[in-house]
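The values are calculated or read from the model by the stated rules, or taken from the named source; none is laboratory data. The structure presented is a predicted model; accordingly, all values stated were derived computationally and were not measured. Counting neighbours? That spans all protein chains shown, and the Cβs are built from the backbone with ideal geometry, glycine included.
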Amino acid sequence: MSESKGIPIRHIRLNHLSELPNDYGTTPGGTFYSTTPGGTRIIYDRSFLLKCRSSPMANTPPSNLPDIPGVTSPDKSPTRQITKIKEEEEIANKDGSNGKENGDSHKDEEQFDLEI
Amino acid sequence: MNNKFDALKDDDSGSGSEDIKDDSACTFEDVEPGAGEHPLQYTYCFWYSKKPPGRNQDASSFEKNMKIIGTFRSVEQFWRIYSHMIRANDLTGHSDVHVFKGGIKPLWEDKANRLGGKWIVRLRKGLVARCWENLILAMLGEQFMVGDEVCGAVVSIRFQEDIISIWNRSANESQVTSRIRDTLCRVLNLPPNTVMEYKTHNESLKDRSSFRNTEFFTR
C-alpha cells in the first residue's frame, strides 16, 4: 500500500471580485462525462447548451405546442400593444444601455453587470 | 386591461386548496431524448399560468389556470420549445412561466414541495429575459450541485418588477440552500449587495402569498 498523504490545499487571497476565476465553482472539464460523488451526473455548462441551440435537431418546431397568445404565439391584442409601448418608454427613460435587451440573447455575449 | 391595483395584491404559486390530489405522478407523461440528442439528467415540463384580471381567485382556480406547454428530456427538445415561446421580457400581465421536473407540479402542496422553499430575486423591468435564460440553463445543466434538491424554476411577471425563483425540496437544509444561493449569484452575475430572499412554501401556504414576508439575505 502506498503512503497516504493529505490533500494539498492552496489558499489564495483575492483583493477584488474581478480576480475570481471564470470557472470558480464549476466542475473541472464540466461537460457530459463529469463524475460527481454519488455517481455520474449529466452536467452541461452554459456555453455548451447555447451551442446546441443552433443544431438542426433543436430547430424543428415542436409538435404539440399549445397555442397560448402572448406565450407561444404573438399576442396582437390592443391592450398588449399599449402595455408594451409604456414599458419600453419606462425602460428607455430609466437608463441608457443596460435596460435594453438585445434581440439575440442566445449569442454568447459577455455578461453585463446587473444594476438591480 | 389589468387593474394595476389587483396586480399589487398577492399572487399564489399554489392554491392552498385542500382538494389538491396528490397524483402528480399519474398525470405526468414522460418523454425520451431523441436519437442523437443530448440527454438531460431529468425530464422537465414547461408550465404557464396567468391570473385572470379582476376577479378574486378562489383556492382551486389557481391550479386550473396552469397549463403544460411542453415536456422535454434533451437539450434539443428544450430549445425546440423555448425558441418557440415569447421572450420573458415580452410576457404581459400577471403571469408566470415554470420549468419543473417531470412529476412535480409547480404548486406548494405538491409532495415534492411541501417541505421546501424558494430563493427569489427581484428584477427591475428589462432584465428578466437574460436572467431567466441563465437560470434555466444552469438548472438544466446541473450547475447547482445539490443532488436531487432542485424542483424547478419560475419567472413571474408583475406590474413594476419581475421575479425569478428557484424551488428546492428541503427548506431546512442550510447547506443546500446556501449552495443554491451561491450558484444563483454566480450564474446570474448578481452584484455583491444584491438582496436575495428565501421563503418556505409552508409560509406561503399560511399567508397565501408567494412573494410577501420573505426572509432577506444580503450576499
Condition check for residue A:43: at pLDDT below 80, out of contact with any strand residue (DSSP E or B) (no Cβ under 6 Å at 6 or more places or on another chain) and not small (Gly, Ala, Ser) = no
When the range B:88-135 is examined, which residues are found to be touching a helix residue (DSSP H, G or I) at 6+ places or on another chain (Cβ under 8 Å) and among the hydroxyl-bearing types (Ser, Thr, Tyr)?
-> B:92
Yes or no: residue B:122 under 15 Å from the mean Cα position of the chain (by Cα) and either within 12 Å of chain A (Cβ to nearest Cβ) or surrounded by fewer than 21 Cβ atoms within 10 Å (Cβ to Cβ) (or both)?
-> yes
Considering B:129, B:153, which residue is among the aliphatic types (A, V, I, L, M) and facing chain A (nearest Cβ under 9 Å)?
-> B:129
Applying the selection to the range B:155-185, what residues are free of Cβ contacts under 8 Å to residues at least 24 places away in the same chain and of a type in the set (D, E, K, R)?
-> B:182
One residue from B:43, B:71 being surrounded by fewer than 19 Cβ atoms within 10 Å (Cβ to Cβ) and polar (S, T, N, Q) | B:71
Might you check whether a residue that is modelled with pLDDT of 90 or more, over 14 Å from the mean Cα position of the chain (by Cα) and surrounded by fewer than 20 Cβ atoms within 10 Å (Cβ to Cβ) occurs anywhere in the range B:14-31?
-> yes
Restricting attention to the range B:164-195, which residues are in a strand (DSSP E or B), among the aliphatic types (A, V, I, L, M) and crowded, with 20+ Cβ neighbours inside 10 Å?
-> B:164, B:166
Enumerated helices (runs of 4 or more DSSP H) restricted to the range B:51-162, each holding at least 2 residues that are in contact with a Pro (Cβ under 9 Å, 6 or more places away or on another chain) | B:75-83
With the first residue restricted to the range B:130-144 and required to be free of Cβ contacts under 8 Å to residues at least 60 places away in the same chain, and the second required to be hydroxyl-bearing (Ser, Thr, Tyr) and in a helix (DSSP H, G or I), Cβ contacts under 7 Å at 6 or more apart or on different chains are B:138/B:183; B:143/B:183; B:144/B:183
